[in-house]
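Take a look at the structure below.
The values are calculated or read from the model by the stated rules, or taken from the named source; none is laboratory data. Everything numeric in this text was worked out from a predicted model, so none of it was measured. Note that we place each Cβ from the backbone using ideal geometry, even for glycine, and neighbour counts take in every protein chain shown.
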Amino acid sequence: MAEETATLAAYVADLKFADIPHEVLERAKVLTLDFLGSAIRARRDAESTPSLLKMLEALALDGKGHSTVFGDAKTWTPAVAALLNGALGHSLDFDDTTRIRRCIQARRWCRPRSRSVNWSALPAATC
């Protein structure tokens, strides 16, 4: 595993922004907005948010810090802000990255394993 990590790290370290394909950058923008929108709404509306905040309080991790959480005026410690941002970003089921959606949007990126689905009948990519 260390060899794979070193290979990936070397690739990322040498990667130039100009080398990233335009379609990858555009997709990253869409996914970032999807994440942010989900996190901001989850801060107020997700059923799991009150429990998450109570857990932080019970563990005395709800103290003030200098880091922000999307959709929250309170500041948190960096570790707790990272935890909350990550959890909130996945609290609501608005992900548009399911396997079937990816296949419809960009079949060339997908290697479907199911033989019961006629993958060639899916619409052309329209990202």
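The figures follow:
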| quantity | calculated |
| --- | --- |
| Enumeration of residues in the range 1-23 that are surrounded by 10 or more Cβ atoms within 10 Å (Cβ to Cβ) and within 22 Å of Gly86 (Cβ to Cβ) | Leu8, Ala9 |
| Residue count for the range 62-118, restricted to those that are at pLDDT below 65 and part of a loop (DSSP other than H, G, I, E, B) | 15 |
| Boolean, Asp34 is under 16 Å from Ser91 (Cβ atoms), out of contact with any His (no Cβ under 6 Å at 6 or more places or on another chain) and in contact (Cβ under 8 Å) with a residue 60 or more places away in the chain | yes |
| Given (1) in contact (Cβ under 8 Å) with a residue 60 or more places away in the chain; (2) loosely packed, with under 10 Cβ neighbours inside 10 Å, number of the condition Leu59 does not satisfy | (1) |
| Subset of the range 37-61 [small (Gly, Ala, Ser) and either part of a helix (DSSP H, G or I) or under 13 Å from Gly89 (Cα atoms) (or both)] | Gly37, Ser38, Ala39, Ala42, Ala46, Ser48, Ser51, Ala58 |
| Candidate set from the range 62-78 (those that are crowded, with 17+ Cβ neighbours inside 10 Å and among the hydrophobic types (A, V, I, L, M, F, W, C)); member that is farthest from Gly89 (Cα to Cα) | Trp76 |
